[in-house]
Structure formats: structure tokens, C-alpha cells
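The values are calculated or read from the model by the stated rules, or taken from the named source; none is laboratory data. The shown structure was predicted, so the numbers you read here are calculated from the model rather than taken from an experiment. Counting neighbours? That spans all protein chains shown, and the Cβs are built from the backbone with ideal geometry, glycine included.
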Amino acid sequence: MIYTTQQLINILETEMRATCNGKRILLNCANRIDNPVLAKALDLEKVGKVFAYQDFRRQIHEYQREYNVSGVIWRVCTFGNQKIQFPEIHNQLIAVSGDKEILMAAKESILSFWREMTQNMNFWLAVDSRFPISQNMIDEMIQQAEWAEIDAAQTDIYLGLCWGNPKEYIYQWAKPESGCHRIIAAVNKPSSIKV
């Protein structure tokens, strides 16, 4: 029997709880820290828990690759009284072969929801929300994006226009090969909440 995506998530959650409760610890974690001064300054028991969980999660990722178990989960975003269900990679799993195509297939439905929800709103880039951006600028980013993500706060709605490697796009160091432009839509100015 091959584990499903949800079963792997449950296994990881169980392991995380066990690690946080001190039931898992890596005893030789000082050997993993290249800086001896830093190793002395850190709480090695806590660091050992982190390394123990990372090692376990790495094994789960290897299992995903070996058996091609998807890292995709389906999430629901609600804005006002409207909802959309869309795929995303679970934050503790990795994308495997075929997962990026699932993300890409949902792009148009996410953009349709975004357009419907943001009528009569203004737009800002999340990295610099001091100045509004134009619809033309957003359209250019949409053309460059391979897949889209969406999230919402009470009065703002957020669109992520993503490209590249689904394992790396959230990291600044992955640019320009992978990345994500985050756009905020709000009636007046964006709230202080950032997604």
C-alpha cells in the first residue's frame, strides 16, 4: 500500500508533535553546526529537535519522489460570500512530477475569481504598497506567470502570480528562475495584514 498525500501530512503532523514534546531528539546535533562558537551559544536540545524533524521530513520527501505521491492539497479561499477551491503544494511536502501541471491548470479559474472579486478595487504590489499599480502592469505579470494563488483577508484579496520551480518559488534566492509577484487588491488602501 502506498501512502496518500493526506496520510503523509498526518504522519508529519504526528512526528512534529512527538518532536515538540521531546520524544524525538538528535543527540549529535553539535556536529552539524559548522561554527563551534555558535554551537556553544545555541540550546542544543532545541536544535536537536529541529534537526530530528528535518531528517524525518527529508525521508518523507524521498518517499514522495520514489512513489510519486503528490504534494498538492486543495484549499478554499473565501472573500465576501464567494468561495474558490484551488490547488497548492502543502508547506511540509514537495512537488513531484505532475504537480506543477495541476497548479497551472487552475490558473484561469483563480484569475476569473480574482477579476470578479476585485471590480472597483485598486491594486498594489505586496513588496511596496505605497503606490498603486495599473491593470496593464498586472496583465503583464499574468502573462509571465505559470500558475496563480489566491488568499483573502477581511477587506483585501491577494493574488500570487508564480513561475518556475514549485519547490523554490517562495524563496528570494530563487529569482529570477522561480518566484511570485504578490498583488493586493483593496477598495481604498491595503490593510496592514500581509499574506
#### Entry: Contacts under 9 angstrom Cβ, first residue in the stretch 143-165 being at positive phi, partner part of a strand (DSSP E or B), 6 or more apart
G164/G179; G164/C180
### Task
Would you mind telling me which numbered condition in (1) under 16 Å from the mean Cα position of the chain (by Cα); (2) buried (at least 17 other Cβ atoms within 10 Å of the Cβ) W124 fails?
(1)
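So that you can scan it fast, the table gives a plain yes or no per residue for (1) within 30 Å of Q144 (Cβ to Cβ); (2) at pLDDT below 95; (3) aliphatic (A, V, I, L, M); (4) in a loop (DSSP other than H, G, I, E, B):
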| residue | (1), (2), (3), (4) |
| --- | --- |
| I25 | no, yes, yes, yes |
| E45 | no, yes, no, no |
| V50 | no, yes, yes, no |
| Q85 | yes, no, no, no |
### Task
Can you work out which of the residues in the stretch 131-150 that are at pLDDT below 95 and assigned to a strand (DSSP E or B) is farthest from L103 (Cα to Cα)?
F131
### Summary
Expected single match for within 24 Å of V76 (Cα to Cα) and modelled with pLDDT under 90 among V195, V127 is V195
### Task
Give the number of residues within the stretch 69-83 that are loosely packed, with under 11 Cβ neighbours inside 10 Å and among the aliphatic types (A, V, I, L, M).
1
### Query
Given (1) modelled with pLDDT of 90 or more; (2) part of a helix (DSSP H, G or I); (3) in contact with a helix residue (DSSP H, G or I) (Cβ under 7 Å, 6 or more places away or on another chain); (4) of a type outside the set (S, T, Y), where does V69 come up short, assuming only one miss?
(2)
